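Student: What follows is a structure written as structure tokens; I'll ask about it next.
The values are calculated or read from the model by the stated rules, or taken from the named source; none is laboratory data. The structure presented is a predicted model; accordingly, all values stated were derived computationally and were not measured. All Cβ positions, glycine included, derive from the backbone under ideal geometry; neighbour counts span all protein chains shown. Accessible surface areas use protein heavy atoms only, side chains included; no ligands, DNA or RNA. Shrake-Rupley method; radii C 1.70, N 1.55, O 1.52, S 1.80 Å.
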Amino acid sequence: ELVIAVSEDVAESIKKHHHNKRPLIQVVSNGINVEKYKSSYKSSRDIKEELGIAAGDVVIGIICVFRKQKRLDVWLEIAKAIHQKCPQTRFIIVGDGPLKGELHDKARSLQMQDYLHFAGLQVETRPYLQAMDIFMMSSEFEGLPIALLEAMSMGCMPACTDAGGIRELVKN
């Protein structure tokens with residue numbers, strides 16, 4: 001039996017949790033189209049302008065499915081704390097998922113409406129990545145996140161938890 005793992009961390013997890021079966025594991029790291037996701041990309045859309053974000057503001061964002069493992073509740077708390085120290089910081093969350101209502105409620109309770117934008121599910125994410133200065137992830141666990149690969153390829157600085165395959169991409 002051959003099992004494909006998207007990162008070394010996933011391979012180690014498989015070995016740890018399937019020790020009785022001892023499957024043969026091959027790591028095939030996730031990858032992206034670096035020609036499509038390149039820092040020189042120019043969109044016809046100006047997301048900062050669309051969202052009313054000033055040119056000099058720092059934009060921190062994420063693209064993901066709204067699942068528990070992403071800890072977007074913690075992401076919102078971190079964003080609030082950053083904004084309190086750096087009021088010229090704005091935040092964009094691109095995506096959707098089962099926790100949508102809960103996250104919108106939390107953002108309302110934190111009173112983030114003036115500096116947080118929920119962009120919803122987007123087919124074309126490059127204009128959003130182009131608007132972001134920092135790609136922030138607060139995940140509890142990850143394989144090898146494709147959105148992080150895309151963000152890094154487009155020149156976004158990563159700010160991430162040391163979770164799973166992220167450590168294979170981002171060095172302290």
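Student: With +1 on each Lys and Arg Cβ and -1 on each Asp and Glu Cβ, and nothing else charged, work out how big the dipole of the stretch 23-155 is about its Cα centre, in Debye to the nearest 20.
Tutor: 80
Student: Which percent of the accessible area of the chain is formed by carbon and sulfur heavy atoms (probe 1.4 angstrom)?
Tutor: Numbers: 5000 of 9740 Å².
Percent of accessible area from carbon and sulfur atoms in the chain: 51.
Student: Based on alpha-carbon positions alone, could you give the equivalent ellipsoid semi-axes of the stretch 47-172 from the gyration tensor, as √(5λ), descending, whole Å? Walk me through the numbers on the way to the answer.
Tutor: Working: eigenvalues 82, 59, 41 Å².
Those come to 20, 17, 14 Å.
Student: For the residue pair Gln88 and Glu1, what label-to-label distance in nm results when each label sits 7 Å from Cα along the Cα-to-beta-carbon direction?
Tutor: 5.6
Student: Using 0.36 nm times the number of residues separating Lys15 and Ile78, minus their current alpha carbon distance, what extension gain do you get?
Tutor: On the way: separation 63, 0.36 × 63 = 22.68 nm, distance 3.37 nm.
Full extension from Lys15 to Ile78 adds 19.3 nm.
Student: At a threshold of 8 angstrom on Cα-Cα distance, excluding pairs fewer than six apart, so keeping six or more, what relative contact order does the stretch 56-134 reach in percent? Intermediate values should be presented prior to the final figure.
Tutor: Working: 99 pairs, mean separation 33.7, N = 79.
Normalised by residue count, the contact order of the stretch 56-134 is 43 percent.
Student: Also, I was wondering about something else. Using only alpha carbon pairs under 8 Å that are at least six residues apart, calculate the relative contact order of the chain and give it in whole percent.
Tutor: Details: 271 pairs, mean separation 48.9, N = 172.
28 percent.
Student: Which value, in Å², gives the accessible area per residue of the stretch 35-172 when a 1.4 Å probe is used on the protein heavy atoms? All intermediate terms of the calculation are to be shown ahead of the outcome.
Tutor: Numbers: 7130 Å² over 138 residues.
About 52 Å² of surface per residue is accessible.
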